[in-house]
Every structure is written in structure tokens, then in C-alpha cells.
Amino acid sequence: MLPYIDALHVMGYSETGLKSAGWRSYDFLKAAAGNYSSKLLLGVPSQASDWENKSVEKHLEWVVKDKSVGLAIWDAQLKDTKWRTREFGKRFQE
């Protein structure tokens, strides 16, 4: 299916992550996408600043460092105040 679609948004939210177990790990999801990992958007929860025993910074650092996958933030309200701080935003500017 991946060769024929623009993107696949994995809606794992707080159940998928940097070091999650099994199919919930970012590494597993990327490997499953194979040659089409650039079409993979990892869903992250904006209502949390920590999930799967890691901080939001750690999860996002993995995505930024990898560059072969994308990011989908759920949702645009950014309910956890950490997401709305200037310092947090500056950490992930390129």
C-alpha cells in the first residue's frame, strides 16, 4: 500500500515511542515501512510531555535525528503546556 499513498500516519500517540516494546517502537515501525519510511508519520500526543518512560524531547530527538520518517502531532491544541514554551520550540528548529 505504501507505494501508492502520500503518507501513513501511525496513530500510536502515547503507546508508541522511542524505546517502546515490539511493534510499538519507532524502530519497528520504520523497519515495517521499509523503503517507504519517508512516507511514515509518527503520531505523538500533544497532551503529554512524557510517555513510554521518555520525555517528549527524547521522542522528538529520535525523529529529528533520523530524517527518514516524519512527524504528526496530535492535536494542534498542544494541551500540555510544555509544547507551547518558546524554549521547547527553539530546541527543534533547524
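The values are calculated or read from the model by the stated rules, or taken from the named source; none is laboratory data. Predicted model only: the values in this text are computed from it and were never measured. Neighbour counts are summed over all protein chains in view; Cβ atoms, including those assigned to glycine, are modelled from backbone coordinates with ideal geometry. Note: accessible area is taken over every heavy atom of the protein model, side chains too, but ligands, DNA and RNA are not part of it. Shrake-Rupley method; radii C 1.70, N 1.55, O 1.52, S 1.80 Å.
A compact table of results
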| read-out | value |
| --- | --- |
| Accessible-area composition of the chain, carbon plus sulfur, in percent [1.4 Å probe] | 52 |
| Probe 1.4 Å, all protein chains present, accessible-area order of Asp50, Asp66, Asp6, largest first | Asp6, Asp50, Asp66 |
| Rg/Rg_ref, the chain, where Rg_ref = 2.2 N^0.38 Å and atoms are Cα | 1.05 |
| Accessible-area order (highest first, 1.4 angstrom probe) of the listed residues His9, His59 | His9, His59 |
| Among Asn53, Ala72, Gly89 the positive-end extreme of the charge dipole of the range 20-94 (Cβ point charges) | Gly89 |
| Per residue accessible area in Å² of the chain, where ligands, DNA and RNA are left out and the probe is 1.4 Å | 64 |
| Candidates Lys65, Lys30, Lys19, ranked by Gaussian network fluctuation over the chain, Cα under 10 Å, top entry | Lys65 |
| For peptides 32-42, 79-89, sequence by mean Cβ density within 10 Å, most packed first | 32-42, 79-89 |
| Pair His9, Thr85: separation of 7 Å Cα→Cβ label points (nm) | 2.7 |
